[in-house]
Amino acid sequence: MKVAWSLAVRSIANVFRVPGAFIPILIQPLFFLLAFSGSFSGVTQVKGFPTDVILNWVMPYSVLQGAAFAGMGATFSVARDLEGGFYDRLLLSPSSRRALLLGPVLAAMVRSLIPATIVFSVAVVGGARLADGPIGLVTLLIAALGVAAVGALWGMGVIFRLKSQRAMGLVQIGIFVSMFLSASQMPVGLIDGWLHPIARLTPVTNVLRLAREGFLPGGVTWSGTWGGLLALAGLGAVMTAFAWSGLRKLIP
């Protein structure tokens, strides 16, 4: 843990040393919040839509996008170290190899708190409201931290195999596709066509439900929570195996 936390602190410090790499990660979720809340505001009048405040629907999605990009940002630091040769020193060090995975994951989770706080604050100013008290913030935070961890593991799995910062484009595409092919804009029951079965089956929809339940009528319930927790656990296990197998290919 000591080694992992040291690596996490180093990655977090890079946020302030290289602000140009972090600013886009902060701007994108804010862009989604403002763009979708404006262009999709009319869907609250559709019969069956779960809320009459569009920000209550869009804000959790934007927070999770910011968390996923925070995971990508932590991965960017790993890619830079691989290209610069610093990662070779880490691989030759006598510390546990698990710390090389855990460090960026911890950094991603801490990083995710920054866009989450800013996006939530902007949404509250715009009219977003909790439907079930502070516990709604707890489920939103759990979802954001989980997505940040999964995003970092996904990114490391790709970077360990391609060993180039140019692979970050593939990491970003994976994040965008997984988020958009879910109940990101509309509830599953209101989605038609080929997207409906995908949005119904993807685990990302359950994670979104976990993030949103504190802002929708009915509040936080176990039926709305357990699916998101299970989805995060499953995604975390798969991405951990993906990242670990990639790391093993680098070990001399």
Farthest positive-ward along the chain dipole, Cα basis, beta-carbon charges - from Phe86, Ala123, Ala70: Phe86
Compute the distance in nm between two label points, each set 7 Å from the Cα along the Cα-to-Cβ direction, one at Thr117 and one at Gln45. 3.9
With charges only on Cβ, +1 for K and R and -1 for D and E, what is the dipole size of the stretch 64-214 about its Cα centre, in debye, rounded to 20? 280
Identify, among Gly48, Leu235, Ser95, the residue whose Cα sits farthest towards the positive end of the charge dipole of the chain, taking +1 on the Cβ of Lys and Arg and -1 on the Cβ of Asp and Glu, with the dipole about the Cα centre. Ser95
Hey, what did the stretch 86-159 get for relative contact order, percent, Cα under 8 Å, at least 6 apart? 47
The size of the Cβ-based charge dipole (Lys, Arg +1; Asp, Glu -1) of the chain about the Cα centre, to the nearest 20 debye, is 780
Please report the Cα spread of the stretch 78-161 along all three principal axes, rounded to whole Å, starting with the longest. 51, 21, 18
Sort Ile198, Ile27, Ile191 from largest to smallest accessible area, using a 1.4 Å probe on the heavy atoms of the protein chains. Ile27, Ile198, Ile191
Ellipticity estimate at 222 nm from DSSP helix runs (n ≥ 4, -39,500 (n - 2.57)) divided over the chain, nearest 500: -26000 deg cm²/dmol
Connecting every pair of Cα atoms under 10 Å apart in the chain and solving the GNM, the largest mean-square fluctuation among Phe16, Phe160, Phe120 falls on Phe16
Separation of alpha-carbon centers, the stretch 106-135 and the stretch 38-66, rounded to whole Å: 15
Relative contact order as a percentage, the stretch 139-252, C-alpha pairs under 8 Å and 6+ apart, gives 42
Would you mind telling me which residue in Leu30, Leu229, Leu92 has the biggest mean-square fluctuation in a Gaussian network model of the chain, where springs connect alpha carbons within a distance under 10 angstrom? Leu92
Percentage relative contact order, the chain, counting C-alpha pairs under 8 Å, at least six apart: 26
Cα-centred dipole magnitude for the stretch 45-123, charges only on beta-carbon of K, R (+1) and D, E (-1), debye, nearest 20: 160
May I ask for the angle, rounded to the nearest 10°, between helix 222-250 and the longest principal axis of the chain, with both axes built from Cα atoms and the value confined to 0 to 90°? 20
Could I have the simple spin-label model distance between Arg98 and Ile198, label points 7 Å from Cα toward Cβ, reported in nm to one decimal? 3.7
Using only Cα atoms, find the angle between the long axis of helix 98-126 and the longest principal axis of the chain, and express it within 0 to 90 degrees, rounded to the nearest 10. 30
Label-point gap, in nm, between Leu230 and Ala13 - each point 7 angstrom along Cα→Cβ: 4.4
If the reach is capped at under 21 angstrom between alpha carbons, list the lysines near Lys163, excluding any in the same chain fewer than eight residues apart. Lys249
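The values are calculated or read from the model by the stated rules, or taken from the named source; none is laboratory data. Computed from a predicted structure; not experimentally measured. Glycine also receives a Cβ, built like all others from the backbone with ideal geometry; neighbour counts cover every protein chain displayed. Just so you know, the surface numbers come from the protein's heavy atoms only, side chains and all, with ligands and any DNA or RNA stripped out. Shrake-Rupley method; radii C 1.70, N 1.55, O 1.52, S 1.80 Å.
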